Amino acid sequence: MKLAELKGWELRELIKKGETGCKEAVASFLDEIKKKNKSLNSFLTLTEESALKSAEIVDKKVSQKQKLGALAGIPIAVKDNICLRGVKTTCGSHILDNFVPPYNATVVEKLKKEDAIIIGKTNLDEFAMGSSTENSYFGPSKNPHDLKKVPGGSSGGSAVAVASGLATMALGSDTGGSIRQPAALCGVVGLKPTYGTVSRYGLVAFASSLDQIGPLTKDVKDSALLFGVISGHDPNDSTSLKISSKDYLKTLDSYKTKFKVAVPKEAFGAGNEKDVEEAVKKAIKLMEKLNWSVSEVSLPYMEYAIATYYIIATAEASSNLARYDGVKYGYRSKDSSQLLELYQNTRGEGFGNEVKRRIMLGTYVLSAGYYEAYYGKGQKVRTFIKQDFDNVFKDFDIVIMPTSPTVAFGLGEKIEDPLTMYLSDIFTVSANLAGIPAISIPCGKSKAGLPIGLQILAKPLAEETIFKAAYMLEQNLKT
């Protein structure tokens with residue numbers, strides 16, 4: 001039995017029964033990371049000492065028959081834009097190369113409270129801006145299915161860690177598809193929760209009205225388990241919804257036998273790879289076999305989603321990233337004699353090309369002459385996108401579409417062509433703009449053996465519906 005192949009809920013049971021020691025399990029994961037990370041570049045920092053100490057505490061609880069937390073003994077990787085007290089948090093950027101936060105993110109506190117073992121911080125596109133993890137200052141992560149391919153992004157390091165068995169679960173953040181797209185490309189399960197269900201306190205902001213932390217896991221059961229722990233109200237986050245944590249595993253098996261499924265016609269056709277379209281259509285046929293009612297619908301504003309997203313996200317990023325100036329923390333340029341020069345040099349040297357591109361875009365759309373033409377219009381279209389989904393969810397339980405129009409592409413293939421790269425998120429950005437939950441589950445492989453993701457979306461706060469539908473499909477799909 002290989003520990004690296006176990007799901008989180010399976011590993012927890014083994015540790016609970018005393019069939020494997022927690023410290024022994026964690027040590028084996030750390031050894032695997034040391035062996036494989038050089039080729040995969042999944043982890044930026046290992047928290048070996050604290051992980052082994054936490055494992056000892058779990059072993060002690062087991063031996064003394066004390067109550068164990070919901071995630072007891074499960075090795076979890078955390079994306080490196082989520083603050084972990086006393087551990088370097090770089091956001092994949094030179095400008096935060098040596099930043100060590102003095103506090104834990106709320107999600108980290110929740111993991112620790114449930115006896116999870118945080119084993120390290122994972123690689124990402126700089127400040128979570130990208131779809132391939134190639135924008136990281138620390139080099140790209142590699143797709144474990146083919147080391148010449150990208151793992152997706154921006155939570156590429158987290159997806160790679162789970163897909164290659166270097167961690168049992170991982171946390172990522174999703175602003176426009178950054179959990180779901182790498183989950184699809186690496187063949188794992190990735191959930192973007194309803195906006196406000198998971199606290200953003202301690203998540204380094206990219207676009208505050210779109211960012212959401214969520215789980216990357218090996219199966220739907222683990223996703224439900226981890227989401228149940230990290231969700232819930234947090235007074236430290238003003239956008240946090242007043243909801244309490246819930247055990248989503250309890251209702252996972254109580255299938256609603258007939259889901260009403262909406263399939264948007266805009267999600268099929270030009271731009272999709274043939275293998276992707278075939279795999280998703282095969283999954284839709286399976287839904288019909290399960291007696292789910294499947295109907296084609298239209299989401300007319302979906303075609304404007306990418307343009308809207310890149311106006312709103314860059315506008316918010318240009319404001320959020322204004323704080324990195326070399327004065328209080330992070331990288332500081334050495335060649336500056338005046339304050340303005342310090343700002344310019346620090347930001348010029350500290351940020352990578354994609355981050356600079358987005359800051360410039362955001363500053364432009366917020367400038368006096370263009371604010372209404374771009375940002376104002378973008379906010380109006382965002383409302384229409386949300387209304388499109390609201391109208392569909394009056395008659396349907398879930399919406400189904402591909403997660404990504406393509407399977408994993410080659411390293412370096414799209415990095416020089418930002419517009420083509422941006423289209424990687426064509427099916428994922430709408431959920432962020434509308435604030436609704438969405439999950440990506442594996443639904444097959446391409447002829448070249450690369451994973452394909454199926455995306456399931458539901459109305460706000462309908463994570464339970466998403467988990468039930470995803471779990472039922474997972475049981476019946478042969479991937």
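Figure legend. Inter-residue proximity from segment 329-347: first residues on the phi > 0 side of the Ramachandran plot and outside any loop (DSSP other than H, G, I, E, B), second residues surrounded by 15 or more Cβ atoms within 10 Å (Cβ to Cβ) and modelled with pLDDT under 95, beta-carbon distance below 6 Å, spacing 6+ or different chains. No pairs are indicated.
The number of residues in segment 411-460 being of a type in the set (A, V, I, L, M, F, W, C) and assigned to a strand (DSSP E or B) comes to 9. Within segment 3-34, if we keep just the residues that are among the basic types (Lys, Arg) and surrounded by 15 or more Cβ atoms within 10 Å (Cβ to Cβ), the residue that is nearest to MET169 (Cα to Cα) turns out to be LYS7. A search for C-beta distances below 7 Å between a residue of segment 87-101 that is in contact (Cβ under 8 Å) with a residue 60 or more places away in the chain and any residue that is part of a loop (DSSP other than H, G, I, E, B) and of a type in the set (Lys, Arg), counting only pairs 6+ apart in sequence or on different chains, returns ASN98/LYS88; PHE99/LYS88; PRO101/ARG85.
Among the residues of segment 64-120, those that are over 28 Å from ASN345 (Cα atoms), assigned to a strand (DSSP E or B) and of a type in the set (A, V, I, L, M) comprise ILE76, ALA77, VAL78, ILE117, ILE118, ILE119.
Annotation: of all residues in segment 249-286 being touching a helix residue (DSSP H, G or I) at 6+ places or on another chain (Cβ under 8 Å) and of a type in the set (Val, Ile, Thr), the one that is nearest to ILE426 (Cα to Cα) is VAL263. If you go through segment 400-413 one residue at a time, do you hit one that is surrounded by 17 or more Cβ atoms within 10 Å (Cβ to Cβ), of a type in the set (Gly, Ala, Ser) and touching a residue at least 60 places away in the same chain (Cβ under 8 Å)? Yes: one or more hits. Among residues of segment 450-467 that are over 15 Å from THR428 (Cα atoms), those with a Cβ under 7 angstrom from a residue that is surrounded by fewer than 20 Cβ atoms within 10 Å (Cβ to Cβ) and modelled with pLDDT under 95, sequence gap 6+ or separate chain, pair up as GLU464/THR251; PHE467/LEU252. In segment 9-35, the residues that are closer than 22 Å to LYS65 by Cα form Cβ pairs under 9 Å with partners that are in a helix (DSSP H, G or I) and at pLDDT below 95, at six or more places apart or across chains, as follows: LEU11/LEU3; LEU14/LEU3; THR20/LEU3; GLU24/LEU3; ALA25/LEU3.
Residues that are surrounded by 19 or more Cβ atoms within 10 Å (Cβ to Cβ), among the polar types (S, T, N, Q) and closer than 18 Å to MET472 by Cα do occur in segment 219-228, at least one of them. All told, LEU124 meets the bar of being aliphatic (A, V, I, L, M) and either at positive phi or assigned to a loop (DSSP other than H, G, I, E, B) (or both).
Here THR90 does not qualify as under 20 Å from SER28 (Cβ atoms), of a type in the set (S, T, N, Q), buried (at least 24 other Cβ atoms within 10 Å of the Cβ) and modelled with pLDDT of 95 or more.
Looking at segment 266-305 only, could you name the residues that are hydrophobic (A, V, I, L, M, F, W, C) and not in a helix (DSSP H, G or I)? If the condition is that a residue be hydrophobic (A, V, I, L, M, F, W, C) and not in a helix (DSSP H, G or I), then PHE268, ALA270, LEU290, TRP292, VAL294, VAL297, LEU299 are the ones that fit. Hey, can you tell me all the residues within segment 425-479 that are β-branched (Val, Ile, Thr) and closer than 15 Å to GLN212 by Cβ? Of everything in segment 425-479, those that are β-branched (Val, Ile, Thr) and closer than 15 Å to GLN212 by Cβ turn out to be THR428, VAL429, ILE436, ILE439, ILE466.
The values are calculated or read from the model by the stated rules, or taken from the named source; none is laboratory data. Values in this document were obtained by computation on a predicted structure and should not be read as measured data. Ideal geometry is used to build each Cβ from the backbone, glycine not excepted, and the neighbour counts take in all protein chains shown.
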